[in-house]
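The values are calculated or read from the model by the stated rules, or taken from the named source; none is laboratory data. This one's a predicted model, so the numbers in the text were calculated from it and none came from an experiment. When we count neighbours, we look across all protein chains shown, and the Cβ atoms used for this are built from the backbone with ideal geometry, even at glycine.
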Amino acid sequence: MRAFVGLSVPTEWIGPLVTAQGRVRGGNRVAPDDLHVTLAFLDDQPEQRLEALSDALSAKRLAAATLRPLAFAALGARKPRAVVLDLTPGADLTALRETVRNAARSAGIDLPRERFRPHVTLVRFPSSAPSETSDLPATISRLGVPSMPQAPVTGAMLWSSVLTPRGPNYEPLAAYPLRAA
């Protein structure tokens, strides 16, 4: 099963993010209920590994984190594949990510080493539609500075991710509360 561990965006961010999505021409918009920050993409895993990860996350004291909006941006230098809201990679968010990744490794899930760029994907572009991204730099500039306040998150989620032609469909599998330090 294809899966990931992430954070839902704060409820008060949904309206401004949907407004930003509406100002981007083309692409596939991420549904409001599916907006999230990925902490660990797990790829395809057997159910027993996901169960072991869920047990490991349930047994840990996961520290709370705060999401801090930084800027709207495009992912993909030469050929943009998404418009995102970049977040500040604060120490609390980075530590939470490492805790989740360590739990995944302890469950036998091999994760690649990668730089942490916390973000919320708003719009995805299919690789076959380069004309949709031709005015993306101007569009992102017009989006301006994100107007959402920083917000604490209170829980992490394990989601399944099923790929479709319009993008992935997510289904929550388990929730893990985050506790104040």
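The table that follows gives values for the structure above.
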item	result
Pair list, Cβ < 8 Å and 6+ apart or interchain, from the range 94-117 residues that are free of Cβ contacts under 8 Å to residues at least 12 places away in the same chain to residues that are of a type outside the set (S, T, N, Q)	R105/L111
Tabulated pairs, the range 16-37, first on the phi > 0 side of the Ramachandran plot, second buried (at least 16 other Cβ atoms within 10 Å of the Cβ) and among the aromatic types (F, W, Y), C-beta under 9 angstrom, 6+ apart or interchain	G26/F125; G27/F125
Flag for T154 being surrounded by 13 or more Cβ atoms within 10 Å (Cβ to Cβ), among the polar types (S, T, N, Q) and free of Cβ contacts under 8 Å to residues at least 40 places away in the same chain	no
Residue match in the range 107-119 (condition: small (G, A, S) and farther than 24 Å from T19 by Cβ)	yes
Residues being more than 23 Å from V123 (Cβ to Cβ), exposed (fewer than 12 other Cβ atoms within 10 Å of the Cβ) and of a type in the set (A, V, I, L, M, F, W, C) - total across the range 157-181	2
Selection within the range 117-136 - buried (at least 18 other Cβ atoms within 10 Å of the Cβ), part of a loop (DSSP other than H, G, I, E, B) and either at pLDDT 95 or above or of a type in the set (G, A, S) (or both)	P118
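Yes/no per residue for (1) in contact with a Pro (Cβ under 8 Å, 6 or more places away or on another chain); (2) more than 23 Å from L17 (Cβ to Cβ):
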{"site": "E47", "(1), (2)": "no, yes"}
{"site": "S58", "(1), (2)": "no, yes"}
{"site": "A71", "(1), (2)": "yes, no"}
{"site": "L75", "(1), (2)": "no, no"}
